[in-house]
Amino acid sequence: MEVLIAISLLFLFTVVPVKVGANILKIEGATLGVCFIGVLLSIVANVLATAFIGEGFFPSVVALLITGFFFSVLFKTNTVTGFVLATISVGVQLGLAMAAVGLGFAFLG
């Protein structure tokens, strides 16, 4: 049961933000499967940027740019739209994380 909860939370914090961003930008053909592949490509971009550049703020920006390129190819949009989708998905992930932390502190008190 714990594994199912962990997988569900991982899905919520990774795939759903890409789907929300695609819906905001009105990208057609953005199914959950395509969004999942986008998340996998985003992980590859992050690993490559960290491996070749190192850790810190600059590799994160490079990974975001590479993710934008991957998203533009995957969702068949232009590069700017792919970059905006990557940025929106990161913003939604941060918002979900802040909400989870806020709810966690509310339940502890």
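The values are calculated or read from the model by the stated rules, or taken from the named source; none is laboratory data. Small disclaimer: the values here were computed from a predicted structure and weren't measured. Here Cβ is always computed from backbone atoms with ideal geometry, including for glycine, and neighbour counts include all displayed protein chains. Note: accessible area is taken over every heavy atom of the protein model, side chains too, but ligands, DNA and RNA are not part of it. Shrake-Rupley method; radii C 1.70, N 1.55, O 1.52, S 1.80 Å.
Out of the residues in the stretch 1-33 meeting the condition of being free of Cβ contacts under 8 Å to residues at least 60 places away in the same chain and under 16 Å from T67 (Cβ atoms), tell me which one is farthest from the chain's Cα centre (by Cα).
I27
Quick check on this structure: which one of I88, I43 is surrounded by fewer than 19 Cβ atoms within 10 Å (Cβ to Cβ) and closer than 14 Å to V16 by Cα?
I88
Criterion first (open to solvent by less than 80 Å² (accessible area, probe 1.4 Å), touching a helix residue (DSSP H, G or I) at 6+ places or on another chain (Cβ under 9 Å) and at pLDDT 90 or above) does S60 satisfy it?
No: the conditions fail for S60.
Please go through the stretch 1-47 and give me each residue that is among the acidic types (D, E) and assigned to a helix (DSSP H, G or I), ordered by number.
Answer for the stretch 1-47, where residues must be among the acidic types (D, E) and assigned to a helix (DSSP H, G or I): just E2.
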